[in-house]
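For reference, the structure is listed below as structure tokens.
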Amino acid sequence: MKNKFFNFGILLFSTLFFFSWTSLSAKELLIGGAACETGIQSPLDTPGINGAKVAVKYLNDSKGGILGRPVKFVNLDGKSDPVVVGNSAAELISQG
């Protein structure tokens with residue numbers, strides 16, 4: 001009985017792995033930020049934005065992305081306004 005469950009588990013895992021792997025290779029990984037590029041908060045957020053861009057460039061150029069998927073960084077300017085930052089975060093979540 002244990003052997004049947006084990007074999008079924010292996011079959012299920014293999015099937016899920018195969019289908020997830022084929023769908024992973026086609027899509028890019030989206031990394032989003034709602035950091036402030038303008039306004040009073042920008043001097044604090046700009047280094048983080050630049051660091052994220054450098055990291056994404058490094059991953060794509062030297063590592064081929066993550067698990068073969070290219071990485072894309074998107075930052076929506078929060079304009080140093082908490083309401084805009086919240087709306088930007090919600091928009092990024094809706095983009096996936």
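The values are calculated or read from the model by the stated rules, or taken from the named source; none is laboratory data. Because the structure is a prediction, the values reported are computed rather than measured. Using ideal geometry, Cβ is built from the backbone for each residue, glycine included, and neighbour counts are taken over all protein chains shown.
Annotations
- Answer residue from the stretch 34-58, given it is of a type in the set (A, V, I, L, M, F, W, C) and in contact with an Asp or Glu (Cβ under 9 Å, 6 or more places away or on another chain) and is surrounded by the fewest Cβ atoms within 10 Å (Cβ to Cβ) among those: Ile49
- Qualifying residues in the stretch 64-96 (those that are free of Cβ contacts under 8 Å to residues at least 60 places away in the same chain and of a type in the set (S, T, N, Q)) - the one surrounded by the most Cβ atoms within 10 Å (Cβ to Cβ): Ser88
- Odd one out for Asp61, checked against (1) farther than 16 Å from Gly33 by Cα; (2) surrounded by 16 or more Cβ atoms within 10 Å (Cβ to Cβ); (3) among the acidic types (Asp, Glu): (2)
This table checks each residue for (1) within 24 Å of Gln95 (Cβ to Cβ); (2) modelled with pLDDT under 95; (3) part of a loop (DSSP other than H, G, I, E, B).
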position: Phe5; (1), (2), (3): no, yes, no
position: Gly9; (1), (2), (3): no, yes, no
position: Phe13; (1), (2), (3): no, yes, no
position: Phe17; (1), (2), (3): no, yes, no
position: Trp21; (1), (2), (3): yes, yes, no
position: Gly39; (1), (2), (3): yes, no, yes
position: Val54; (1), (2), (3): yes, no, no
position: Tyr58; (1), (2), (3): yes, no, no
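- Pairs with Cβ under 7 Å, 6+ apart, first in the stretch 28-56 and at positive phi, second assigned to a loop (DSSP other than H, G, I, E, B) and of a type outside the set (D, E, K, R): Gly39/Ser80
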